Amino acid sequence: MFFGPSEFDVDDMGYAMSRLETEPDAGKDFSGVGSSSSSGSHISSEHLDHDEINQITKLKSSPHQRYSRVVPGRHELPVSTVRMLAGRESNFSGRGGRFSAADCCHMLSRYLPVKGPWLVDQMNSRAYVSQFSTDGSLFIAGFQGSHIRIYNVEKGWKVQKDILAKSLRWTVTDTSLSPDQRNLVYASMSPMVHIVDVGSGTTESHANVTEIHDGLDFSSDEDGGYSFGIFSVKFSTDGRELVAGSSDESIYVYDLEANKVSLRTVAHTSDVNTVCFADESGNLILSGGDDNLCKVWDRRCFIGRDKAAGVLVGHLEGVTFIDSRGDGRYFISNGKDQTIKLWDIRKMSSTPPAKHDVIRNYEWDYRWMDYPPEARDLKHPFDQSVATYKGHSVLRTLIRCYFSPSHSTGQKYIYTGSNDSSVYIYDLVSGDKVAVLKHHSSPVRDCNWHPNYPTLISSSWDGDLVKWEFPGRGEAPIMSKKRVRRRHLYY
């Protein structure tokens, strides 16, 4: 547990704070955030050193101070929903009987999606990637067997579009839905990304049979005929560009209007496993690679060709995924060193330390070997991360992690899939492990929290898509016909 200053000026929080939606009363409540140690939790010391992320999280997820003052001496405890409702009727906050966005987040974030699971779909091939649309009305899942399915969440998870991918190599490595939800792009171990019209009336979308899947070529004459794969692809927030990370150590930006690659930079010294835009402006790009580094790229002021604006050091092994908080400042990364790290872009250095690689006396390959026990307690001597979260397992595949939704939780949690067939949910500020969801029989590569409701979907290599909810709908869980484990641990 730690406490921030009693007085706090939002304007002092830096340039990126202007992008956060804060309520007029939100900055007045600075009761401490309670954090009791959980069984199996691993809390890094950094969680006690960075007050700002604590304050920002409380701005977005703590109730008005008058709700917490109703019970003197218990400010650290969550305010009950009944007391919140009673306070609203009495106009405690002076908002005319309305809850602020932070009040709503405080209530909704207490109801974690841990009930279930309920089976959404079951395929005969591994689920590799998945995502909700921005408004939560659609859900997309990509499978190794060339299938991508789009489900209509509001119509009972009915399959709205069943896509059979074109020219697939190995698997669907990534998908991305355009902000207007009209187009979907999918990538594989190929320099060609394909785009599909989501809004067409055709349910069965077989590439160049029932529908045209236009190809976006990321290769160039400079490649000399070398074929590379794309691990990660994302739409920009305006839907005009794609950013991609590839196995040829490069980041690509593709201009959809010009129908060509507008930027290519050699970003890392190994595979670029993950890329994303840092905020809505589209100017900042984040990348992570198998060289263990996270990098920040500012398209407005390239210092030189292949020169990042900044580098962040701390992972001991390759970076598998990056998720931005959306404020142009904070992001998290999953690493093959079995950790998630929280980063503040302002702590980046212009170049990595001369000897940033940690010398190790063991050999291992994450695709088929367990992480060496002697490496689990190692710490990077130049670690620039704000916080580190441990407990899950990042093995065999590029497992993904995310911030919980802003609208319903104030981003007070982070969650991740795991090689041990589970989903882990951590408290962002304290580092506590607050829930572990167990159902699957194979690694959970991806998982997705609904943007508005306490619903989470886990996507696993066992082919199952399952839904976790709170409180559930009263019906018995519909389980897979496979022999699976059914347990969830809730701390």
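The values are calculated or read from the model by the stated rules, or taken from the named source; none is laboratory data. This one's a predicted model, so the numbers in the text were calculated from it and none came from an experiment. Virtual Cβ from ideal backbone geometry, glycine too; neighbours counted across all protein chains shown. For accessibility, only protein heavy atoms count, side chains too; no ligands or nucleic acids. Shrake-Rupley method; radii C 1.70, N 1.55, O 1.52, S 1.80 Å.
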So residue 325 passes all but one of these: (1) open to solvent by 10 Å² or more (accessible area, probe 1.4 Å); (2) over 24 Å from residue 411 (Cβ atoms). Which condition number does it fail?
(2)
Those residues of the stretch 164-189 that are in contact (Cβ under 8 Å) with a residue 40 or more places away in the chain and over 24 Å from the mean Cα position of the chain (by Cα) come to a total of 5
Looking at (1) in a strand (DSSP E or B); (2) in contact with an Asp or Glu (Cβ under 8 Å, 6 or more places away or on another chain), which is the one condition that is false for residue 311?
(2)
Just one of 453, 426 is at pLDDT 95 or above and of a type in the set (Phe, Trp, Tyr); which is it?
426
Any residue that is open to solvent by less than 10 Å² (accessible area, probe 1.4 Å), closer than 30 Å to residue 410 by Cβ and in contact with a Lys or Arg (Cβ under 6 Å, 6 or more places away or on another chain) - is there at least one of those in the stretch 375-387?
yes
Could you identify the single residue in 411, 384 that is over 18 Å from residue 466 (Cα atoms) and in contact with a Pro (Cβ under 8 Å, 6 or more places away or on another chain)?
411
Pick from the stretch 124-181, criterion hydrophobic (A, V, I, L, M, F, W, C), under 19 Å from residue 214 (Cβ atoms) and in contact with a strand residue (DSSP E or B) (Cβ under 7 Å, 6 or more places away or on another chain), ranking: surrounded by the most Cβ atoms within 10 Å (Cβ to Cβ)
163
Any chance the stretch 198-209 includes a residue that's under 30 Å from residue 462 (Cβ atoms), in a loop (DSSP other than H, G, I, E, B) and modelled with pLDDT of 95 or more?
no
Residue pairs, Cβ under 6 Å, 6 or more apart or interchain, first in the stretch 45-56 and at pLDDT 65 or above, second not hydrophobic (A, V, I, L, M, F, W, C). List them.
51/4; 54/4; 55/4
Any chance the stretch 182-189 includes a residue that's closer than 24 Å to residue 326 by Cβ and assigned to a loop (DSSP other than H, G, I, E, B)?
yes
Which of the residues spanning the stretch 257-289 are in a loop (DSSP other than H, G, I, E, B), open to solvent by 20 Å² or more (accessible area, probe 1.4 Å) and in contact (Cβ under 8 Å) with a residue 40 or more places away in the chain?
259, 270, 271, 280, 281
Among 239, 229, 215, 245, which is without any contact (Cβ under 8 Å) to a residue 60 or more places away in the chain, surrounded by 14 or more Cβ atoms within 10 Å (Cβ to Cβ) and within 25 Å of the chain's Cα centre (by Cα)?
245
Out of all the residues in the stretch 394-404, which are more than 14 Å from residue 468 (Cβ to Cβ) and open to solvent by less than 20 Å² (accessible area, probe 1.4 Å)?
394, 395, 397, 398, 399, 400, 401, 403
